[in-house]
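The values are calculated or read from the model by the stated rules, or taken from the named source; none is laboratory data. None of these values were measured; they are calculated from a predicted model. Positions of Cβ are backbone-derived with ideal geometry, glycine not excepted, and every protein chain shown enters the neighbour counts.
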Amino acid sequence: MYIIERSIRFVRGFFLSYGPSNLKRRVWDKEYSREKWNFADNTVGDCVYSFLERYAANGDILDIGCGSGNTANEMTAAYKSYLGVDISEVALAKARRRTEANGRQDKTRFVCGDFLAYVPTGRFDVILFRESMYHVPVGEVKTTLDRYSAYLKDGGVFIVRLFAGDREHAIKHRPAAMLGIIEADFDVIEKRQYADLGHPTVLVFRPRCSPVASGALETKREGGAPS
């Protein structure tokens, strides 16, 4: 039974990374309609929020693969604007309802799209991949991040949260490979691995850049205006 379940998970994961957008959307809409992901609706106090609040610093956030709106509604309102992108309109409908109930609709938007092809229309202080990095083919991790790098403000950062290990300390090879690619090809600012909560890893990084951009980030983190 374990082998069968593992095989099913593998096939599903492969399809959601490599399948065509219209079919991926149908799968996600079906799963959200059946309330498969309701168990994950409450993640108050998640380890990623302190990183978001610190690096967004009342700026602009792009949340890639935002699902039903946890991040938009659970982090403190320490941002100027938030844009969530997800392939499932069913998930986004739920996110919008939650956001309106929280009174955050004036500075929070959601867009339906496959983030592997989505083209932002603005620039952001933080671009977040919260578990959504799992659905990027390993061979496209660098090219996907390179493409989104153009939509970071000067001194902006990526934040990735994923599980590269489990409670038995076994390494999950695909997420570990993704972290390895990021650490090899980008400038890592912070990396934190948590010993509880399922052993998540949070990685804060940016494109390899000039000293000028680096100085702008430090100025911003100290509370000043970037040059």
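With respect to residue 141, is the statement that it is of a type in the set (A, V, I, L, M, F, W, C), surrounded by 15 or more Cβ atoms within 10 Å (Cβ to Cβ), in a strand (DSSP E or B) and within 14 Å of the chain's Cα centre (by Cα) true? Working first, answer last.
Values: of a type in the set (A, V, I, L, M, F, W, C): yes; surrounded by 15 or more Cβ atoms within 10 Å (Cβ to Cβ): yes; in a strand (DSSP E or B): no; within 14 Å of the chain's Cα centre (by Cα): yes.
No.
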With respect to the numbered conditions (1) in a loop (DSSP other than H, G, I, E, B); (2) surrounded by 11 or more Cβ atoms within 10 Å (Cβ to Cβ); (3) not aliphatic (A, V, I, L, M), which one is the sole condition not fulfilled by residue 32? (1)
Scanning region 114-138 for residues that are surrounded by fewer than 19 Cβ atoms within 10 Å (Cβ to Cβ), part of a loop (DSSP other than H, G, I, E, B) and either in contact with a Gly (Cβ under 9 Å, 6 or more places away or on another chain) or among the small types (Gly, Ala, Ser) (or both) gives 117, 119, 122, 123, 131
Using the structure shown, decide if residue 72 is aliphatic (A, V, I, L, M), within 17 Å of residue 158 (Cα to Cα), surrounded by 16 or more Cβ atoms within 10 Å (Cβ to Cβ) and free of Cβ contacts under 8 Å to residues at least 60 places away in the same chain. yes
Please go through region 155-192 and pick out each residue that is modelled with pLDDT under 95, touching a Cys at 6+ places or on another chain (Cβ under 9 Å) and surrounded by fewer than 17 Cβ atoms within 10 Å (Cβ to Cβ). 192
